[in-house]
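Trainee: Encoded as structure tokens, here's the structure I'll be asking about.
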Amino acid sequence: MRAATYSRTGPAAEVLSVIDMPDPKPASGEVVVRIHASGINPADVKRRAGWNGMQMAHPLVIPHCDGAGVIVETGEGVSEDRIGERVWLWNAQGGYGEAGRAYGTAAELIALPSEQAVRLSDKLSFEEGACLGVPGLTAWLLVLADGPVDGKTLLIQGAAGAVGHMALQVALHHNADVIAVVSSDTRAQHVGKIARVPTINRHTEDVAAHVHELTSGTGVDRVIEVDLAANLETDIACLAVHGTIASYSCSSDPTPTLPYYKLADLGAVIRFVQGFRLTADQRKAANAMLTELSDAGALRPAIGASFPLTDIAQAHENMHSGAFGQTVLTLAAND
């Protein structure tokens, strides 16, 4: 099989290469999936780049945790009835902040545990399925980890981003009132394609003032946060008493300072969300919800750019640039 690999961290163009490798064979409890699309997440780019002191966990790595394809072989203990099944994959290259697996989805084939290959709805393409793992599971945690949101008001920072876009759809499906925050009018238009929700351009509007106007001064029950350090003061200003900030990233400052009493006076909660670390029960519920929404046509990842496997370095650079939509690799299996 052809696979993209790296054996040291660094710039994408310097460390990534496409090589021939032996086809994988399934161990007991595993399936082999022919990859049609490989999803690229910020975590994949950070791990390859050695961001924040990350080191190589394996001598050779095939990157990417998310992907979609078709099961072509099953190992002992897995029904052969799964052969031919369209699936999406989660944590294929392992968790974040731990060694995980060496071989991810940036390859023509992958062998991994059967439970990490989830039925892909016929309503979604392989490219869309390759965007369900990290963004979809993270969105579930952000919106629903602390219980139902029916009738509650949620503020989504970065609502046009990969995770924010998913969280918006999950929240609306569960009858939440949503206020979206974006960084441009173009991204506001993208949010508008999902639903007509109040949308604030953080570069041209006072987010907190607008939120208090929309909520008659009470604030929001939950903030979904893409960069805790950058937006914390705004989040506190928008938060209702006993509200929650659910944060899934803090890229601008990995060691933020928290204004303790501003948070304590609200009785606020900060939930640190890691989409790679769902409990077994959470993952079962999240997978079921993603399947339900996909089958109902209520969940649609936004693909911003697609690249062939040979252009993986360019794809990583596209993701790193903050380009709109999700970045995926399409493999020869789609031809």
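The values are calculated or read from the model by the stated rules, or taken from the named source; none is laboratory data. Quick caveat, the model's predicted, so the values are computed rather than measured. Reconstructed Cβ throughout: ideal geometry from the backbone, glycine too, with neighbour counts over all protein chains shown.
Trainee: Of the numbered conditions (1) assigned by TED's automatic domain parsing to the domain that holds Leu141; (2) modelled with pLDDT under 95, Ala296 fails exactly one; give the number of that condition.
Mentor: Going through (1) assigned by TED's automatic domain parsing to the domain that holds Leu141; (2) modelled with pLDDT under 95 one by one, Ala296 breaks only (1).
Trainee: So Gly192 passes all but one of these: (1) modelled with pLDDT of 95 or more; (2) surrounded by fewer than 17 Cβ atoms within 10 Å (Cβ to Cβ). Which condition number does it fail?
Mentor: (1)
Trainee: Which one of Val32, Val18, Val87 is farther than 28 Å from Ser121 by Cα and in the same structural domain as Asp311 (by TED's automatic domain parsing)? Write out each step before concluding.
Mentor: Numbers: Val32 fails: farther than 28 Å from Ser121 by Cα; Val87 fails: farther than 28 Å from Ser121 by Cα.
Exactly one of Val32, Val18, Val87 is farther than 28 Å from Ser121 by Cα and in the same structural domain as Asp311 (by TED's automatic domain parsing), namely Val18.
Trainee: Can I ask one more? Pick out, from the range 69-172, the strands (runs of 3 or more DSSP E) lying fully within it that include 2 or more residues that are on the phi > 0 side of the Ramachandran plot, surrounded by fewer than 24 Cβ atoms within 10 Å (Cβ to Cβ) and of a type in the set (A, V, I, L, M, F, W, C).
Mentor: none
Trainee: How about the range 199-234: which of its residues are at positive phi and surrounded by 16 or more Cβ atoms within 10 Å (Cβ to Cβ)? Steps first, answer last, please.
Mentor: The initial filter retains those residues of the range 199-234 that are at positive phi, namely 216-217, 219.
The one that is at positive phi and surrounded by 16 or more Cβ atoms within 10 Å (Cβ to Cβ): Gly219.
Trainee: Working carefully through the options Ala246, Ala315, find the one that is closer than 30 Å to Gly147 by Cα and of a type outside the set (D, E, K, R).
Mentor: Working: Ala315 fails: closer than 30 Å to Gly147 by Cα.
Unique residue meeting the criteria: Ala246.
Trainee: Still on this structure, please answer the following. For the range 305-335: of the residues being touching a Ser or Thr at 6+ places or on another chain (Cβ under 8 Å) and at pLDDT below 90, which is surrounded by the fewest Cβ atoms within 10 Å (Cβ to Cβ)?
Mentor: Phe324
Trainee: Let me ask you something else. Of the residues Ala264, Ala268, which single one is under 19 Å from Ile224 (Cα atoms), modelled with pLDDT of 95 or more and loosely packed, with under 14 Cβ neighbours inside 10 Å?
Mentor: One residue alone meets the criteria, Ala264.
Trainee: Regarding the range 236-254, can at least one residue be identified that is small (Gly, Ala, Ser), within 30 Å of Asn52 (Cα to Cα), in contact with a Pro (Cβ under 9 Å, 6 or more places away or on another chain) and crowded, with 19+ Cβ neighbours inside 10 Å? First the steps, then the outcome.
Mentor: Within the range 236-254, the first condition is being small (Gly, Ala, Ser), and the residues that meet it are 237, 240, 243, 246-247, 249, 251-252.
So of that shortlist, the ones also within 30 Å of Asn52 (Cα to Cα) come out as 237, 246-247, 249, 251-252.
If we keep only those that are in contact with a Pro (Cβ under 9 Å, 6 or more places away or on another chain) too, we end up with 249, 251.
Checking which are crowded, with 19+ Cβ neighbours inside 10 Å leaves us with 249.
Taking every residue of the range 236-254 in turn, at least one turns out to be small (Gly, Ala, Ser), within 30 Å of Asn52 (Cα to Cα), in contact with a Pro (Cβ under 9 Å, 6 or more places away or on another chain) and crowded, with 19+ Cβ neighbours inside 10 Å.
Trainee: Related question: Between a residue in the range 307-326 that is among the small types (Gly, Ala, Ser) and any residue that is in a helix (DSSP H, G or I) and at pLDDT 95 or above, which pairs come within a Cβ distance under 8 Å, given they are 6 or more apart or on different chains?
Mentor: As it stands, the answer is Ala313/Ala12; Ala313/Ala13, since those pairs meet every condition given.
Trainee: Another question, if that's okay. Any idea how many residues of the range 292-335 are over 18 Å from the mean Cα position of the chain (by Cα), among the aliphatic types (A, V, I, L, M) and over 26 Å from Ile19 (Cα atoms)?
Mentor: Adding up the residues that qualify gives 1.
Trainee: Turning to a different aspect of this structure: Please work out which one of (1) within 20 Å of the chain's Cα centre (by Cα); (2) assigned by TED's automatic domain parsing to the domain that holds Val143 is the condition Pro256 fails and give its number.
Mentor: If we test Pro256 against (1) within 20 Å of the chain's Cα centre (by Cα); (2) assigned by TED's automatic domain parsing to the domain that holds Val143, just (1) comes out false.
Trainee: Glu317 - would you say it is under 11 Å from Ser121 (Cβ atoms), among the charged types (D, E, K, R) and part of a helix (DSSP H, G or I)?
Mentor: Values: under 11 Å from Ser121 (Cβ atoms): no; among the charged types (D, E, K, R): yes; part of a helix (DSSP H, G or I): yes.
When the stated conditions are applied, Glu317 does not pass them.
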